[in-house]
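The block underneath contains the structure these notes are about, expressed in structure tokens.
The values are calculated or read from the model by the stated rules, or taken from the named source; none is laboratory data. Everything numeric here is computed off the predicted structure, so don't read it as measured data. Virtual Cβ from ideal backbone geometry, glycine too; neighbours counted across all protein chains shown.
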Amino acid sequence: MADIPTTSTTLLRDVASDSQHVRWTEFAARYRPMMEAYLRERFPPVEADDVIQETLLAVWAALPSYRYAPDEKGHFHNYLTGILRNKALRQLGANRRQAEIAEKVREDASPIGRAGAPRTPPDMISDDELSWRETLVEIALRQLMNDESIQSRTRQVFLRVAVNGEKPDDVAAAFGIERNAVDQIKSRMMPRLQKIVADLEKAGNI
């Protein structure tokens, strides 16, 4: 894998404090070679550019509530590659689902398939609709992470377990809390996220 960049606390502070900060370009250039190498070694089938862009978006949403504490939470590059890994796995899963859908469509259209006219599987969602829903979720997540009425630790726990896909036991250990506390945070925060998504969807505010 490419060399791991040295963590710059001032860089993290600058990009966390301002989503339009000019140092975002520096941040992306600093970590992109490492992310590209990671994907080449572990996930060669994925579209690296797409996964990296999704990862940078997730990091952008998470950094305002992220606290760099390597002795307590581990190094930043591990946090970043954890998000990258989950995004890559998500893309692989989507690719598998698309392949399964394509296969089902082909079977239904085949003369030796089921009787009747070919039909589209009920779980087949257009790319435009999927992109739209993902946009809603990303906007809702940013709103939730910027809600100062929610404790910073609560937001961070939810982000790591529900969004980044980290194991609840690992998150509990990282924050020094019980596993059931992690579960409770997720069960409280998820409905709030879903409500924001529903409100955005109802208002068409994307």
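List pairs: first in region 78-93 and in the same structural domain as Trp60 (by TED's automatic domain parsing), second basic (Lys, Arg), Cβ under 8 Å, 6+ apart or cross-chain?
Qualifying pairs under 8 Å: Tyr79/Lys73; Arg85/Arg42; Ala88/Arg42.
For region 162-201, how many residues are in contact (Cβ under 8 Å) with a residue 60 or more places away in the chain, within 19 Å of Asn146 (Cα to Cα) and not aliphatic (A, V, I, L, M)?
1
Report, by residue number, each residue of region 57-71 that is of a type in the set (Val, Ile, Thr) and surrounded by fewer than 16 Cβ atoms within 10 Å (Cβ to Cβ).
none
For region 139-171, how many residues are out of contact with any Asp or Glu (no Cβ under 8 Å at 6 or more places or on another chain), charged (D, E, K, R) and outside any loop (DSSP other than H, G, I, E, B)?
Within region 139-171, residues that are out of contact with any Asp or Glu (no Cβ under 8 Å at 6 or more places or on another chain), charged (D, E, K, R) and outside any loop (DSSP other than H, G, I, E, B) number 4.
Can you name the residue in region 19-67 that is in a helix (DSSP H, G or I) and of a type in the set (Val, Ile, Thr) and is also farthest from Pro5 (Cα to Cα) among such residues?
Among those residues, the one meeting the criterion is Val51.
Kindly check whether there is at least one residue in region 47-66 that is farther than 24 Å from Val171 by Cα and hydrophobic (A, V, I, L, M, F, W, C).
Yes; the residues of region 47-66 include at least one that is farther than 24 Å from Val171 by Cα and hydrophobic (A, V, I, L, M, F, W, C).
Among the numbered criteria (1) over 11 Å from the mean Cα position of the chain (by Cα); (2) modelled with pLDDT of 85 or more; (3) of a type outside the set (D, E, K, R), which single criterion is violated by Ile52?
For Ile52, the failing item is (1).
Quick grid of which residues meet (1) among the acidic types (Asp, Glu); (2) within 20 Å of Pro64 (Cβ to Cβ); (3) modelled with pLDDT of 80 or more:
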residue	(1), (2), (3)
Arg155	no, yes, yes
Leu159	no, yes, yes
Asn164	no, yes, no
Val171	no, yes, yes
Asp183	yes, no, yes
Leu193	no, yes, yes
Glu201	yes, no, no
Gly204	no, no, no
